[in-house]
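To keep things clear, I will list the structure first and then write my remarks on it.
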């Protein structure tokens, strides 16, 4: 090869390199953070039908409230909405808004819908990890199926069929560069739903959403909850529910933006993932002088175990007082678990349920029999990891309590007033896959 050809190739390489680097440098050096907020559905696409309102109205109110919070607290963030009213916007159009404005992050807000008993939030990033789950696949199909309402959708989406799993796998291959940042934000969202709002989180998941696939930026799709659930649907349609949801997403953004600013100050590369600051987990200590249980029903009749009036709550403690029967569920010495139990009972159909504090070693407690002081539980698992309530490792057993002891997490199921009752339930737990499960006795909320 002669020198002239070498110089031409060298110049071509330099021009190509500059063309590739300049957009990255321009993105790193810009001062304004561009955030695109996407309220799912709109116009003739109502989305899911809830018990109190349709999806498109709930998502719009949450997104507008979220935008107000961000504008109020961040001078260096430019908020762009894909829609600010009841307008239909195509999935491609939503992604194009983000790409056209060189967005630094894209947040799409949706509501879930399924059987009436389903509840909880979940946040998705682009990927194929959870396509093995039929439940997640149904969510993906539902949200992607809106393209069928668009004109010329065959041409716009290259004959993409939202009902075929193989279509979903192919569209996830181009966004791996943004996955770490998307996961960081998604986890922060679900952590806020758990810790701030005391709600059930179904976790962070990966799935093939068209609106995430087409955005050339870190992005998440947040399913704030199931509007098909009687309790959760009413909550998400209420001012309180919308406000709380917006605040939780805002808190996640505030955390993400702080990490983004640190990266900018340190002049790190634009494509290097943000690093999560690992904090030493705070270990909650049990209350020393009392324990808690949930009273959910008072009746002049004594209902049999697993009666239809108990709405699936099992096991249940029954105390008779002045001719009335009081029904209780659960027992814990932890404040956080107390709130989880209360919310669980309310979602089962007892909105007036409340927490009862039971003091330890007082005259009031002495009225109870020794059997009522003693509670038997089934220990199903011991692990060095803390799993969420809906983790596959728990194999569908719910509700489950977690106790941390000597850096190990012990998982317990059920509250039984006698060892005989616990023994009757034990075969079911073993059949679910916990062959080594065993019964543990608790006295006044403490393990014997």
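Please treat every number below as a calculation from the coordinates, not as lab data. Remember, predicted model here, so these are calculated numbers, not experimental data. A quick note on method: Cβ atoms are made from the backbone with ideal geometry, for glycine too, and the neighbour counts reach across all protein chains shown.
So what are the radius of gyration and Dmax for the Cα set of segment 284-354, in Å?
So, for segment 284-354, Rg and Dmax equal 12.7, 39 Å respectively.
So for 447, 326, fewest C-beta neighbours within 10 Å to most, what's the order?
447, 326
Can you work out the base-10 log of I(q)/I(0) for segment 290-447 at q = 0.09, 0.14, 0.18 1/Å, using the Debye formula on its C-alpha atoms alone?
Taken in order of the listed q values, log10 I(q)/I(0) reads -0.29, -0.72, -1.22.
Only counting other Cβ atoms within 10 Å, I'd like 82, 59, 117, 90 sorted with the fewest neighbours first.
Numbers: 82 24, 59 28, 117 13, 90 21.
Ordered from fewest to most neighbouring Cβ atoms within 10 Å, 82, 59, 117, 90 come out as 117, 90, 82, 59.
Neighbour counts of other C-beta atoms within 10 Å: give me 227, 335, 439 arranged from fewest to most.
Least to most surrounded, the residues fall as 335, 439, 227.
Tell me, Kirkwood radius of segment 48-115 from alpha-carbon pair distances, in Å? If you can, show how the numbers build up before the last one.
Working: mean 1/r = 0.0744 Å⁻¹.
Evaluated on segment 48-115, it is 13.4 Å.
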